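Worksheet: the structure to be examined is printed underneath.
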Amino acid sequence: MKLASLREGGRDGTLVVVDRDLSRAVRVPDIAPTLQAALDDWVETAPRLRAVYDGIAGNPEAFPFDPRACAAPLPRAYQWADGSAYVNHVALVRRARGAELPASFWTDPLMYQGGSDRFIGPADPIEAVSEDDGIDFESEVAVITDDVPMGIAADGARGHIKLLTLVNDVSLRGLVPPELAKGFGFFQSKPASAFAPVAVTPGELGSAWDGGKVALPLLSHVNGRLFGRPNAGVDMTFDFPCLIAHAARTRHLGVGSIIGSGTVSNRQDGGPGRPVDQGGVGYSCIAEQRTVETILDGSPRTPFLRFGDRVRIEVLGADGRSIFGAIENEVVCRS
């Protein structure tokens, strides 16, 4: 089933059930007012929500679904932890600056804890104060969990994945080096992340979901031009159960925790890769394309995002229909 949060009813929105082709929706106040409330009592609410989903075509209370009216599925969450599951992305970035990739990066996931008090909706603007900060998008897949016990193994973590969605993990590349140099991680360089209109149960992905990875291309467009289409199921060094187990190694994860995949990146025949217009699968962020340009040509050519630029992120199923709906954000100046 597919679930969304309309931008109404308070900070956490109003939960709606959305049909498979993202055309109709139904409010479900008698089941749960918000997605977080539904997750808090998932064993009881999930079957009832599923019944609404299965009967939406004949439901007289169904109304046209407008993704632009949506907040993020969880407009705020108790936990947002973003991994870097595609180690190829990390390797390329380090290679561009002449740094060795530690061997441990292939066995121990990278992860940072991001701000989760306010997420951007699928059609909200990306606000920035200066183009000089190096505004970038990062196209990712994410999962939403129920309560996860501390110390769980990856095999056990698999069953705690309740929903999947897409993320634009906005980054300010110019602020990253000075922050990391302090030795205390990201903060100002990681503003609010944007999420797709809907979150879906794993069954909606069919054979594209193997319990840990989404084997479908993740499409990123910048100003209407296809920027990347790497397959999210390829070159994912750490699948979602591994990422969840890593996050829960020393702490319990509360229901509604969101775990991100990190920037989706394919190795592309073992080399640094090629842009889409050169026959490659492209990239899921501008920084990676700039990195490849630096490796091949000595310096980057592609600029970071500017005010007025638009980013679109989406995954299409085998039938060509959008699974999560599209993230469509415009970069604007926060004066």
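Taking the criterion of being aliphatic (A, V, I, L, M) and under 11 Å from the mean Cα position of the chain (by Cα), the residues of the stretch 136-177 that qualify are V141, A142, V143, I144, L164, L166, V167, V170. Here F137 passes the criteria (1) open to solvent by 10 Å² or more (accessible area, probe 1.4 Å); (2) under 22 Å from R312 (Cβ atoms); (3) touching a helix residue (DSSP H, G or I) at 6+ places or on another chain (Cβ under 8 Å) except the one numbered (1). Among the residues of the stretch 243-275, just one is in a helix (DSSP H, G or I) and open to solvent by 50 Å² or more (accessible area, probe 1.4 Å), namely H246. Has the stretch 4-15 got at least one residue that is in contact with a Cys (Cβ under 8 Å, 6 or more places away or on another chain), touching a residue at least 24 places away in the same chain (Cβ under 8 Å) and charged (D, E, K, R)? So far as the stretch 4-15 goes, yes, one or more of its residues are in contact with a Cys (Cβ under 8 Å, 6 or more places away or on another chain), touching a residue at least 24 places away in the same chain (Cβ under 8 Å) and charged (D, E, K, R). Residues in the stretch 30-86 that are part of a loop (DSSP other than H, G, I, E, B), of a type in the set (A, V, I, L, M, F, W, C) and touching a Phe, Trp or Tyr at 6+ places or on another chain (Cβ under 9 Å): A71, A72, L74, A77, A85. Scanning the stretch 166-188 for residues that are over 16 Å from E140 (Cβ atoms), open to solvent by less than 70 Å² (accessible area, probe 1.4 Å) and assigned to a loop (DSSP other than H, G, I, E, B) yields G183, G185.
Applying the set (1) part of a loop (DSSP other than H, G, I, E, B); (2) open to solvent by less than 10 Å² (accessible area, probe 1.4 Å); (3) more than 23 Å from T237 (Cα to Cα) to G212 leaves exactly one unmet item: (3). Evaluate the stretch 67-74: report whether one residue or more is within 19 Å of A142 (Cα to Cα) and in contact with a helix residue (DSSP H, G or I) (Cβ under 6 Å, 6 or more places away or on another chain). Looking for residues that are within 19 Å of A142 (Cα to Cα) and in contact with a helix residue (DSSP H, G or I) (Cβ under 6 Å, 6 or more places away or on another chain), one finds at least one in the stretch 67-74, hence yes.
The values are calculated or read from the model by the stated rules, or taken from the named source; none is laboratory data. In this text the structure is predicted, and so the values were computed from the model without any measurement. Positions of Cβ are generated from backbone atoms using ideal geometry, with glycine treated the same way; all protein chains shown enter the neighbour counts. Each accessible area value is taken on the protein alone, full model and side chains, heavy atoms only, with ligands, DNA and RNA left out. Shrake-Rupley method; radii C 1.70, N 1.55, O 1.52, S 1.80 Å.
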